[in-house]
1. Please report, ordered by residue number, the strands (runs of 3 or more DSSP E) entirely within segment 11-87 with at least 1 residues that are closer than 13 Å to Val118 by Cα and out of contact with any Gly (no Cβ under 9 Å at 6 or more places or on another chain).
2. Can you pull out the residues in segment 88-129 that are part of a strand (DSSP E or B) and among the charged types (D, E, K, R)?
3. Go through segment 66-95 residue by residue and tally those that are without any contact (Cβ under 8 Å) to a residue 60 or more places away in the chain and within 21 Å of Arg31 (Cα to Cα).
Amino acid sequence: MKINYNQLNIWDKIIIMGFLTTHVLDTSNGRPASNVQIELQKVLESKTIHIIKVSTNEDGRCSEPILEGENFVVGTYELNFYIGEYFKSIDPDMRINNFLGIVPVRFNISSSEEHYHVPLLVSPFSYSTYRGS
């Protein structure tokens with residue numbers, strides 16, 4: 001029996017295939033970073049291809065997986081977090097030094113059947129990431 005992926009609900013999709021999620025935490029203010037613009041790109045040998053641009057919700061997460069289903073394939077990807085814009089939006093006078101503009105996180109998906117969670121912990125002056133669950 002062939003399954004039409006587009007007709008499945010989100011939970012059935014998750015069971016069938018892997019997916020990509022993220023979460024952005026503003027460690028300098030001790031809260032989720034809402035309205036952070038994030039761009040996902042697929043990295044090829046000599047270029048990158050834009051896949052999607054999303055933004056975080058009030059919980060610092062995207063409302064749906066960033067990449068899933070038939071588009072979730074093995075390869076190298078890059079998440080670009082527009083952190084400079086985020087910090088400027090919460091401090092319009094930029095009393096803090098805008099050290100970080102765009103934070104790129106390049107990573108590999110080695111299995112199309114797993115959940116990849118790429119959180120970003122960020123302050124105006126530093127960031128950290130890891131493969132979450």
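The values are calculated or read from the model by the stated rules, or taken from the named source; none is laboratory data. No experiment lies behind these values; they were computed from the predicted model shown. Note that we place each Cβ from the backbone using ideal geometry, even for glycine, and neighbour counts take in every protein chain shown.
1. Counting at least 1 such residues, we get 19-26, 37-43, 75-82.
2. Passing the criteria: only Arg106.
3. Of the residues in that region, 15 qualify.
Residues checked against (1) farther than 24 Å from Phe19 by Cβ; (2) touching an Asp or Glu at 6+ places or on another chain (Cβ under 7 Å); (3) modelled with pLDDT under 95:
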residue: Tyr82; (1), (2), (3): no, no, no
residue: Lys88; (1), (2), (3): yes, no, yes
residue: Phe99; (1), (2), (3): yes, no, yes
residue: Glu113; (1), (2), (3): no, no, yes
residue: Tyr116; (1), (2), (3): no, no, no
residue: Tyr130; (1), (2), (3): no, no, no
